[in-house]
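Q: This structure is in structure tokens; I'll ask about it shortly.
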Amino acid sequence: MRRVRALPPGVRLAHALEPLYTRAPQPFVGLLALRLGLPAREVLRYFRAGTRADFAKHVGGLDPMQNPDASGCIGIVPGTLLYALVRALRPSVIIETGVANGVSSTFLLGAIRDNGHGKLVSIDLPFTIDGDEPAPIMPGTAIEKEQWSPVPRGRDHGWIVPEYLRASWDLRMGDARELLPEALGEHEAVDFFLHDSLHTLDHMLFEFRAAWPKLRSGGLLASDDLGRAGVDPLQRFSREVGQRFYAVGGLGFIRKP
Ligand SMILES: C[S@@+](CC[C@H](N)C(=O)[O-])C[C@H]1O[C@@H](n2cnc3c(N)ncnc32)[C@H](O)[C@@H]1O
């Protein structure tokens, strides 16, 4: 309870209900769909399909609810929610920041494959482990220890994404500060944006402000790790753009009108 009280007020309820949401996600998923103006029955049908999907078995061992070594991965329930939303929205272009092992990327790419349409651009700042510290691989970059999600030794970032989903994947390595504006600039519009990289107020606001103008009408801006370190970037950003945000567990969403 103390952990929840330390969070910004706008995300406390979603965090307090997270254990319930994880055990019985469907009512939460249906309500979120309605709030986002999406067909709830269709989203729920896709959600159920996502729980049975072939790729779910690849990422099952990396659910932070089951495996403490998987902290930082998005989790199977939120990953399946992303899958269902992408199925319902049928986006052409998805951009995500923050790949680590590649759990969220797997769910997004699975939905693209099942839609038969779309592509995913993922951006991640790679690092290696030097003793107990994260050490950046790319010259001129830095990574904060509180923000790392180590991948197993000898594995590349994104290693968990199965080969059969990779055809629609454009994985780019580097700092989102540089690569996100670059990727956005290459596309006329983006349909779905997911932030899961550096969870600081400054960086999250930077990403939201960069992505929003490129988001098409009806598109979705999503952010993981809401309320981390007591910051409330999505809530602040929602006020900035005059749109409501909706949170379920640690994931929050704003739909562009
Ligand atoms: C929470 S993990 C991502 C988890 C992933 N979405 C999943 O579901 O498995 C955060 C990732 O963001 C990366 N990262 C941290 N700072 C970054 C930055 N400035 N630009 C791009 N990626 C960054 C980290 O290296 C790490 O791999």
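Q: Can you pull out every residue in segment 179-197 that is within 14 Å of the ligand (Cβ to nearest atom) and open to solvent by 50 Å² or more (accessible area, probe 1.4 Å)?
A: Pro181, Glu182, listed by residue number.
Q: Can we say Pro39 is touching a residue at least 40 places away in the same chain (Cβ under 8 Å) and exposed (fewer than 13 other Cβ atoms within 10 Å of the Cβ)?
A: yes
Q: Further, regarding this structure: Among the residues in segment 14-26, are any in contact with an Asp or Glu (Cβ under 9 Å, 6 or more places away or on another chain) and either in contact (Cβ under 8 Å) with a residue 60 or more places away in the chain or part of a helix (DSSP H, G or I) (or both)?
A: From segment 14-26, those in contact with an Asp or Glu (Cβ under 9 Å, 6 or more places away or on another chain) are none; that's our starting set.
No, the conditions are met nowhere in segment 14-26.
Q: If you don't mind, another one. Tell me whether segment 121-133 contains one or more residues that are under 23 Å from Glu182 (Cα atoms), out of contact with any helix residue (DSSP H, G or I) (no Cβ under 7 Å at 6 or more places or on another chain) and away from the ligand (no atom under 13 Å from the Cβ).
A: The answer is no, given that none of the residues of segment 121-133 is under 23 Å from Glu182 (Cα atoms), out of contact with any helix residue (DSSP H, G or I) (no Cβ under 7 Å at 6 or more places or on another chain) and away from the ligand (no atom under 13 Å from the Cβ).
Q: Of the numbered conditions (1) buried (at least 19 other Cβ atoms within 10 Å of the Cβ); (2) more than 14 Å from the ligand (Cβ to nearest atom); (3) touching a residue at least 40 places away in the same chain (Cβ under 8 Å), Ala176 satisfies every one except a single condition; which is it?
A: (2)
Q: Here's another thing I want to ask about it. Is segment 212-220 home to any residue that is crowded, with 21+ Cβ neighbours inside 10 Å and touching a Ser or Thr at 6+ places or on another chain (Cβ under 9 Å)?
A: There is no residue in segment 212-220 that is crowded, with 21+ Cβ neighbours inside 10 Å and touching a Ser or Thr at 6+ places or on another chain (Cβ under 9 Å).
Q: If I ask for residues that are among the small types (Gly, Ala, Ser) and assigned to a loop (DSSP other than H, G, I, E, B), which ones from segment 110-162 would you list? Let's see the steps before the verdict.
A: Taking segment 110-162 as the starting set, the residues that turn out to be among the small types (Gly, Ala, Ser) are 110-111, 116, 118, 122, 131, 135, 140, 142, 149, 154, 158.
Within segment 110-162, Gly116, Gly118, Gly131, Gly140, Ala142, Ser149, Gly154, Gly158 qualify.
Q: Could I ask something else about it? Could you list, in sequence order, the residues of segment 185-217 that are under 23 Å from Ile74 (Cα atoms) and of a type in the set (A, V, I, L, M)? Break it down into steps so the answer makes sense when it comes.
A: Within segment 185-217, the first condition is being under 23 Å from Ile74 (Cα atoms), and the residues that meet it are 190-212, 215.
Within segment 185-217, Val190, Leu194, Leu198, Leu201, Met204, Leu205, Ala210, Ala211, Leu215 qualify.
Q: Hey, among Leu34, Leu82, which residue is within 12 Å of the ligand (Cβ to nearest atom) and assigned to a helix (DSSP H, G or I)? Give the derivation first.
A: Values: Leu34 fails: within 12 Å of the ligand (Cβ to nearest atom).
Step by step, each of Leu34, Leu82 is checked, and only Leu82 is within 12 Å of the ligand (Cβ to nearest atom) and assigned to a helix (DSSP H, G or I).
Q: Here's a follow-up. What do you reckon, is Ala135 open to solvent by less than 40 Å² (accessible area, probe 1.4 Å), under 16 Å from Gly174 (Cβ atoms) and without any contact (Cβ under 8 Å) to a residue 12 or more places away in the chain?
A: On the way: open to solvent by less than 40 Å² (accessible area, probe 1.4 Å): yes; under 16 Å from Gly174 (Cβ atoms): yes; without any contact (Cβ under 8 Å) to a residue 12 or more places away in the chain: yes.
Here the answer is yes, as Ala135 does meet what is asked.
The values are calculated or read from the model by the stated rules, or taken from the named source; none is laboratory data. Remember, predicted model here, so these are calculated numbers, not experimental data. Here Cβ is always computed from backbone atoms with ideal geometry, including for glycine, and neighbour counts include all displayed protein chains. We work out accessible area using only protein heavy atoms, side chains counted, and drop any ligands, DNA or RNA first. Shrake-Rupley method; radii C 1.70, N 1.55, O 1.52, S 1.80 Å.
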